[in-house]
Amino acid sequence: MNAQSQSETKPIPRHRTLAKVVKPLGERYEEVLTPDALLFLADLERRFGPQRRIFLESRRLMQERYDDGELPTQPLETEHVRNSVWEVAPCPPALQDRRVEITGPVDRKMMINALNSGAKMFMADFEDASSPTFANMMEGQINMMDYARGTLSLTTEKKSYALNDETATMLVRPRGWHLVENGITVDGKPMSASLVDFGLHIFHNGKLLADSGRGPFYYLPKMEAYQEARLWNDVFNFAQVFVGIPNGTIKTTVLIETLPAAFQMEEILYVLRNHITGLNCGRWDYIFSYIKTLRNHKQFVLPDRAQVGMDRDFLKAYSERLVEVCHKRRAHAMGGMAAQIPVKNDEAANDAAFAKVRNDKLREAKGGHDGTWVAHPALVAVAMEVFDAEMPAKHQIHKKRAYARISDEAMLSPHSGTITEAGIRTNINVGVQYTAAWLCGRGAVPILNLMEDAATAEISRTQIWQWLRHKATAEMADGSQATVNSELIDRLFREELDALKDEMGADAYIAGRFPEAAKVFEKASTAVDLPEFLTLPAYDILEK
């Protein structure tokens, strides 16, 4: 007897009630939000949601310690893990060659184009590259179901889209532990967005993907401690039993995109060792986390975002440590995102963008990474060419290098450089434009010839906050120097917003939700206490 017929004959015990959908249903949503799927979601939330909330409180308490002067370091209680001999479980054939991965939102057309791009992997992103409207999230799940069943296609008035005979292998990134899904509740409270995204995907597609050797494969974002990774391992163990696939079938890659997690790489690999294949340098979120974690410490103030590169200081140390740790444990060490996109109608600018991508990928390949990320299909060939030349085998896990010891001090070393008026203006412009697009339902947005997502918007607003908090000195356009204070930031905000309004026109400015975006972004940039995430207050008004 199914859950629906049971409910008609006798009350279902509270611990077996379904998750409740509190948003309007669109076309085909009922295929995703079935009674059995909602029962599974409720089980996930009741089993694992309380521990998730405890870990979020632990993050807050840990941040208080950082604010009071403590610096991130490797945990003493796990020294035995770092000093013992162990390896992660073997990697399945579908994930052995990951030299180029493309990422993007779960939009249907973009998914098809990414899967057909020639990349080895495609990370379908429910998180930073997607605005979490209920429609986007549910339509993304419909797309996942069609992909698993071989029916993912699209016909528009202009063009038809279908998958090639050979496509990239798909990995799915659910939203982070800190986010909730307001459209689905359990016991009257919004569900963990992580458990919604993962739960619906594994429930509907896990067995099909496992039977065909195509998954289920995941990317896990924004964790700050190995205990959070262990919670994911518990979720995986439960889900595999539920859907009837062998333990260890689920494989995941963890994005090391927070500063605290960078000091616990081996521990994260260890607690997920039966389910993990590698770690990834989530560089943009990592810069954001560096600023947020060390926000009270003036010695860690960073220069303009454009000057914070992977070739030196804390980013170089982080990249090298990730390669060393992964290869020590026979896991893939994945490189970071190239945010450049093709520049139309400007050959010189386009050549410069491609050159930056090529140099970045060459650095990663020579540094020992087993693959890399790009944000646009046109950049797949460039990255592939570099890795094919430098890494003829499927990966370079077994290539031994003589690494210099990477100290904890090196992991914290800030970039030298300058803070400029142009850098402040760029952060305001990009941050407001991105937030407006996000409120309109778009999570991956081309701005100033870069593909921006939530992570780069977070950098923009935390840099403004950091410079304001520590009264940094900025080089102004006229050659003078000025203290970054509330008067300067307020003036630059007003000027940038006026310029956007003049460029777009007043009607388009309002229709594009720029007034709301400007309010959210400015508050997140100038509040006395730094808000944890820009997307949290933005989510409160997303669908209003």
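Return the total of residues in region 135-159 being of a type outside the set (S, T, N, Q), touching an Asp or Glu at 6+ places or on another chain (Cβ under 9 Å) and closer than 13 Å to MET170 by Cβ.
Selection size over region 135-159: 3.
Is it true that GLU101 is surrounded by fewer than 22 Cβ atoms within 10 Å (Cβ to Cβ) and touching a residue at least 12 places away in the same chain (Cβ under 8 Å)?
no
For ARG82, state whether it is in contact (Cβ under 8 Å) with a residue 40 or more places away in the chain, over 29 Å from VAL445 (Cβ atoms) and not acidic (Asp, Glu).
So ARG82 fits the description; yes.
State all residues of region 173-231 that are under 24 Å from GLY336 (Cα atoms) and hydroxyl-bearing (Ser, Thr, Tyr); if no residue qualifies, say none.
Residues satisfying the conditions are SER194, TYR218, TYR219, TYR226.
Please give the number of the condition THR156 fails out of (1) without any contact (Cβ under 8 Å) to a residue 60 or more places away in the chain; (2) in contact with a strand residue (DSSP E or B) (Cβ under 8 Å, 6 or more places away or on another chain); (3) of a type in the set (Ser, Thr, Tyr).
(2)
Would you point out which residue out of GLY417, GLY431 is on the phi > 0 side of the Ramachandran plot and either assigned to a loop (DSSP other than H, G, I, E, B) or under 21 Å from the mean Cα position of the chain (by Cα) (or both)?
Within the list GLY417, GLY431, the selection yields GLY417.
Going through PRO35, PRO72, PRO50 one at a time, which residue ends up being in contact (Cβ under 8 Å) with a residue 24 or more places away in the chain and in the same structural domain as ALA225 (by TED's automatic domain parsing)?
Of the residues listed, the single one that is in contact (Cβ under 8 Å) with a residue 24 or more places away in the chain and in the same structural domain as ALA225 (by TED's automatic domain parsing) is PRO72.
Among the residues of region 221-235, which ones are in a helix (DSSP H, G or I) and farther than 23 Å from SER84 by Cβ?
Matches in region 221-235: VAL235 only.
Considering each residue of region 333-361, count those that are touching a helix residue (DSSP H, G or I) at 6+ places or on another chain (Cβ under 8 Å) and not in a helix (DSSP H, G or I), and give that number.
11
Tell me the residue from ALA383, ALA378 that is free of Cβ contacts under 8 Å to residues at least 40 places away in the same chain and of a type in the set (A, V, I, L, M, F, W, C), please.
ALA378
Residues to consider are LYS471, LYS501; find the one that is in a loop (DSSP other than H, G, I, E, B), of a type outside the set (Asp, Glu) and touching a residue at least 12 places away in the same chain (Cβ under 8 Å).
On inspection, the qualifying residue turns out to be LYS471.
Give me the strands (runs of 3 or more DSSP E) completely within region 114-207, filtered to those with at least 1 residues that are surrounded by 22 or more Cβ atoms within 10 Å (Cβ to Cβ), ordered by residue number.
Filter on region 114-207 gives 121-125, 169-173, 180-186, 189-192.
Of the conditions (1) in a helix (DSSP H, G or I); (2) surrounded by fewer than 19 Cβ atoms within 10 Å (Cβ to Cβ); (3) of a type in the set (Gly, Ala, Ser), ALA42 clears all except one; give me its number.
The failed condition is (2).
Restricting to region 437-472, name every residue that is within 17 Å of ILE291 (Cα to Cα), over 15 Å from the mean Cα position of the chain (by Cα) and not hydrophobic (A, V, I, L, M, F, W, C).
Matches in region 437-472: SER460, ARG461, THR462, GLN463, GLN466, ARG469, HIS470, LYS471.
Looking at this structure, is ALA457 touching a Pro at 6+ places or on another chain (Cβ under 8 Å) and either at pLDDT 95 or above or not assigned by TED's automatic domain parsing to the domain that holds ARG295 (or both)?
no
Going through TYR270, TYR318 one at a time, which residue ends up being closer than 25 Å to TRP465 by Cβ and of a type in the set (Ser, Thr, Tyr)?
Going through TYR270, TYR318 in turn, the sole match is TYR318.
Has region 143-157 got at least one residue that is in the same structural domain as MET111 (by TED's automatic domain parsing) and under 19 Å from the mean Cα position of the chain (by Cα)?
yes
Can you tell me which of (1) in a loop (DSSP other than H, G, I, E, B); (2) under 21 Å from SER84 (Cβ atoms) is the one VAL254 doesn't meet?
The number of the failed condition is (1).
Do we find a residue being of a type in the set (D, E, K, R) and under 30 Å from MET138 (Cα atoms) anywhere in region 468-477?
Among the residues of region 468-477, not one is of a type in the set (D, E, K, R) and under 30 Å from MET138 (Cα atoms), which makes the answer no.
Yes or no: region 57-65 includes at least one residue that is more than 27 Å from MET451 (Cβ to Cβ) and assigned to a loop (DSSP other than H, G, I, E, B).
No; the residues of region 57-65 include none that is more than 27 Å from MET451 (Cβ to Cβ) and assigned to a loop (DSSP other than H, G, I, E, B).
Which of the residues that make up region 227-240 are crowded, with 23+ Cβ neighbours inside 10 Å and closer than 20 Å to THR73 by Cα?
Across region 227-240, the qualifying residues are GLU228, ALA229.
The values are calculated or read from the model by the stated rules, or taken from the named source; none is laboratory data. No experiment lies behind these values; they were computed from the predicted model shown. Counting neighbours? That spans all protein chains shown, and the Cβs are built from the backbone with ideal geometry, glycine included.
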